[in-house]
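The structure under discussion appears below in the form of structure tokens.
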Amino acid sequence: MKRASTFVRLLDEGAAVSFEFEGRTIEARDGDTIAAALLANGIDRFRSTAVGNAPRGPFCLMGSCFDCLVEVDAQSNVQACMTRVEAGMKVRRQAGLGELA
């Protein structure tokens, strides 16, 4: 279910960049983190927990909590709040622990 976004950009600067999230094209701005771009597009569920499959999304937005883990170009355990968007990247929600190296 998609909810209305409460995320507001303070500045709408930078070149447009698009990437894919679960098959959907997401528009972002150059310099956005994955978390910022997803939140700006009304997406707030980034992963599910290993036990109970509970939804999780960004909490601290500074790399401390690990609730925003996603898969980027088939790599698990990427912190969406610490990773900048790159054109053409493919991002998916992470299920559970993801692939452990």
Selection status of G31, surrounded by 10 or more Cβ atoms within 10 Å (Cβ to Cβ) and modelled with pLDDT under 90: no
Test result for C68, of a type outside the set (K, R) and buried (at least 16 other Cβ atoms within 10 Å of the Cβ): yes
Residues within segment 35-52 that are free of Cβ contacts under 8 Å to residues at least 12 places away in the same chain and either of a type in the set (A, V, I, L, M, F, W, C) or under 11 Å from R93 (Cα atoms) (or both), tallied: 1
All positions within segment 45-80 that are hydrophobic (A, V, I, L, M, F, W, C), assigned to a loop (DSSP other than H, G, I, E, B) and in contact with an Asp or Glu (Cβ under 8 Å, 6 or more places away or on another chain): F46, F59, C60
Filter result for A87 (of a type in the set (G, A, S) and under 13 Å from the mean Cα position of the chain (by Cα)): no
Scope segment 19-36; condition in contact with a Gly (Cβ under 8 Å, 6 or more places away or on another chain) and either part of a strand (DSSP E or B) or of a type in the set (S, T, Y) (or both); matching residues: F19, E20, R29
Failed item in (1) buried (at least 20 other Cβ atoms within 10 Å of the Cβ); (2) polar (S, T, N, Q); (3) under 22 Å from E13 (Cα atoms), with N41 passing the rest: (1)
Identity of the residue in segment 71-93, under 20 Å from T49 (Cα atoms) and small (G, A, S), that ends up surrounded by the fewest Cβ atoms within 10 Å (Cβ to Cβ): A74
Cβ-Cβ under 9 Å pairs, at least 6 apart or on other chains, segment 12-23 side closer than 24 Å to R93 by Cβ and at pLDDT 90 or above, far side of a type in the set (A, V, I, L, M) and surrounded by fewer than 13 Cβ atoms within 10 Å (Cβ to Cβ): V17/A87; S18/A87; F19/A87
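The values are calculated or read from the model by the stated rules, or taken from the named source; none is laboratory data. Quick caveat: nothing in here was measured; it's all calculated off a predicted structure. FYI the Cβ positions are ideal-geometry reconstructions off the backbone, even for glycines, and counts take in every protein chain you see.
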